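The structure appears right after this line, and notes come after that.
The values are calculated or read from the model by the stated rules, or taken from the named source; none is laboratory data. Note that this is a predicted model, so its numbers are computed, not measured. We place every Cβ from the backbone using ideal geometry, glycine too, and count neighbours over all the protein chains shown.
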């Protein structure tokens with residue numbers, strides 16, 4: 001009974017939370033990273049300040065070059081998994097469709 005209740009709460013929280021799927025890069029046509037977060041500004045700030053010793057810190061992939069917003073975190077999770085599955089060529093095309101110069105979009109979203 002407790003397990004089902006917990007699953008219900010998790011399901012309700014995820015469905016109410018905004019999710020962001022994002023792509024960061026080290027430079028134009030450089031190393032790219034696909035991630036997910038509920039707070040895009042905070043997460044990109046963490047990447048830029050190398051607060052986590054992971055892939056983006058190791059390869060300096062801290063330039064926000066693409067993002068999508070979802071009203072339902074579960075949908076964002078599904079999208080992130082699909083993007084991670086896609087080949088690099090497809091991800092590059094996705095970035096360049098709206099951001100051909102690979103500008104750092106972080107500075108736009110913080111105003």
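Only one residue in 44, 77 is at pLDDT 95 or above, farther than 19 Å from residue 25 by Cβ and in contact with a helix residue (DSSP H, G or I) (Cβ under 9 Å, 6 or more places away or on another chain), so which one is that? When all the criteria are applied, what remains is 77. If you go through region 83-102 and keep only what is exposed (fewer than 11 other Cβ atoms within 10 Å of the Cβ) and within 15 Å of the chain's Cα centre (by Cα), you end up with just 85.
In the set 36, 77, which member is more than 18 Å from residue 103 (Cβ to Cβ), in contact with a strand residue (DSSP E or B) (Cβ under 7 Å, 6 or more places away or on another chain) and part of a strand (DSSP E or B)?
36
Being part of a helix (DSSP H, G or I) and farther than 21 Å from residue 19 by Cβ is the requirement here; does residue 92 meet it? In short, yes. Could you tell me whether any residue of region 47-63 is assigned to a loop (DSSP other than H, G, I, E, B), touching a strand residue (DSSP E or B) at 6+ places or on another chain (Cβ under 8 Å) and modelled with pLDDT of 95 or more? Looking through region 47-63, at least one residue is assigned to a loop (DSSP other than H, G, I, E, B), touching a strand residue (DSSP E or B) at 6+ places or on another chain (Cβ under 8 Å) and modelled with pLDDT of 95 or more.
Name every residue in region 46-62 that is in contact (Cβ under 8 Å) with a residue 12 or more places away in the chain and either on the phi > 0 side of the Ramachandran plot or surrounded by fewer than 20 Cβ atoms within 10 Å (Cβ to Cβ) (or both), in order of residue number. Within region 46-62, 48, 50, 55, 59, 60 meet the criteria.
Just the residues that are modelled with pLDDT under 95 and at negative phi, please, taken from region 99-111. Scanning region 99-111 gives 107, 108, 109, 110.
Out of 102, 107, one residue alone is part of a loop (DSSP other than H, G, I, E, B) and closer than 22 Å to residue 46 by Cα. It is 102.
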